[in-house]
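Written below as structure tokens is the structure these notes are about.
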Ligand SMILES: Nc1nc2c(ncn2[C@@H]2O[C@H](COP(=O)(O)OP(=O)(O)OP(=O)(O)OP(=O)(O)OC[C@H]3O[C@@H](n4cnc5c(=O)[nH]c(N)nc54)[C@H](O)[C@@H]3O)[C@@H](O)[C@H]2O)c(=O)[nH]1
């Protein structure tokens, strides 16, 4: 069976810059393996529903819970890639951190985090599918605000 993981693309808006540069995405760097950067996400536990997984992993990995987040409607993206020869599917929802000063608290699974504008986020993310997803998220937000 394919591996399945779920998470959140989390963004915040900073007041000091005009759109689109006011949008910053949260990326976490693993403390293991290739030290790659991804949004908070993780494997679905047996019997767990996808959104519950996304919320649980975001709390575990970034210290951010539903009380800190505003989930954006009509945005969910699936990425499919192979990990050590097994197909993996990752579902990402999109959520805003309305209070941009809310602290991010990492677990042992990650060694660093970054709030990054789209260009830097894409450079950190490295994988084309994740970069495309971040770009789509930004487009979705700007379109919703009538700024594009
Ligand atoms: N020591 C050690 N331990 C590990 C390792 N590996 C796992 N652990 C343990 O597992 C726990 C994590 O459990 P969860 O939090 O539940 O799972 P996830 O959050 O899902 O995390 P993963 O790291 O398993 O999965 P990915 O992020 O998917 O990375 C897997 C590979 O896929 C590629 N890749 C990544 N992202 C993209 C993308 O967007 N697009 C594309 N195209 N490719 C992408 C990249 O090549 C990468 O190397 C940790 O606590 C460790 O105990 C490891 O290498 N060494």
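Examine the range 110-118 for a residue that is out of contact with any helix residue (DSSP H, G or I) (no Cβ under 9 Å at 6 or more places or on another chain), within 21 Å of residue 51 (Cα to Cα) and in contact (Cβ under 8 Å) with a residue 40 or more places away in the chain, and state whether such a residue exists. No, the range 110-118 has no match at all. Considering the range 15-38, and only residues there that are surrounded by 13 or more Cβ atoms within 10 Å (Cβ to Cβ) and within 28 Å of residue 146 (Cβ to Cβ), the residue that is farthest from the chain's Cα centre (by Cα) turns out to be 19. Only strands (runs of 3 or more DSSP E) whose full extent lies in the range 1-69 are considered here, and the ones with at least 1 residues that are closer than 15 Å to residue 90 by Cα and in contact (Cβ under 8 Å) with a residue 24 or more places away in the chain are 3-13, 41-43.
Here's the yes/no breakdown for (1) within 10 Å of the ligand (Cβ to nearest atom); (2) under 17 Å from residue 140 (Cβ atoms); (3) surrounded by fewer than 17 Cβ atoms within 10 Å (Cβ to Cβ):
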position: 2; (1), (2), (3): no, no, yes
position: 40; (1), (2), (3): yes, no, no
position: 55; (1), (2), (3): no, no, no
position: 67; (1), (2), (3): no, no, yes
position: 93; (1), (2), (3): no, yes, no
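Quick note: the coordinates plus some simple rules give every number you see, no bench work behind them. Please read all numbers here as calculations on a predicted model, not as lab measurements. All Cβ positions, glycine included, derive from the backbone under ideal geometry; neighbour counts span all protein chains shown.
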